[in-house]
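None of the figures in this text is laboratory data; all of them are computed from the coordinates on show. If you're wondering where the values come from, they're calculated on a predicted model, not measured in any experiment. Here Cβ is always computed from backbone atoms with ideal geometry, including for glycine, and neighbour counts include all displayed protein chains.
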């Protein structure tokens, strides 16, 4: 009887440790995310379910092109999902729907469609040197891929690193879209640059 009691106690302890391990993984390593709205279309669609990795940004900062989960600047009980386009130290400008970083145009293959006429420039008004606003040492500029339907840094400004919780990693639902989340990196145009002020 003593042997059976020990065996049962060992099994309960193993189950308890496994449950604790799963709890720690779910709460500190990955985060389930339910996408609401179309701001990241076509990369992510309304009602997609995504797994985000939350541990990676403890060791390295977000990279350009990462799709990140961040705190809603207007309601910290909610999350936003956006793409990092501007990094700390970048001089960032948006003009007539085109993104310029440090004076170079950015090619963004993931953007959904041509911007509509009300697409806002950033900053407003533009900086005196016409090269844009320089992001601070802890600031990131985030945008939705569906620029015409996205509430992003054009409206609420750059976000701090501590507002960014994780990187979208894997789409799990719908099953037809199962697979890694596309983290396409923007590239810089070699020919399209801002004209230098005279």
### Task
Would you mind putting 142-148, 152-158, 52-58 in packing order, based on average other-beta-carbon counts within 10 Å, highest first?
142-148, 152-158, 52-58
### Query
Measuring from a point 7 Å past the Cα of residue 114 along Cα-to-C-beta, which residues in the stretch 31-74 have an amide N at less than 19 Å?
42
### Query
If packing is taken as the mean number of other Cβ atoms within 10 Å per residue, what is the order of 98-110, 176-188, highest first?
98-110, 176-188
### Query
Between residue 165 and residue 49, 0.36 nm times their residue separation minus their Cα-Cα distance comes to what?
40.1 nm
### Spin-label pair residue 178/residue 13, simplified geometry with 7 Å Cα→Cβ offset, distance in nm
3.7 nm
### Message
Using a 10 Å cut-off around each Cβ, can you sort 173, 135 from fewest to most neighbouring Cβ atoms?
### Response
173, 135
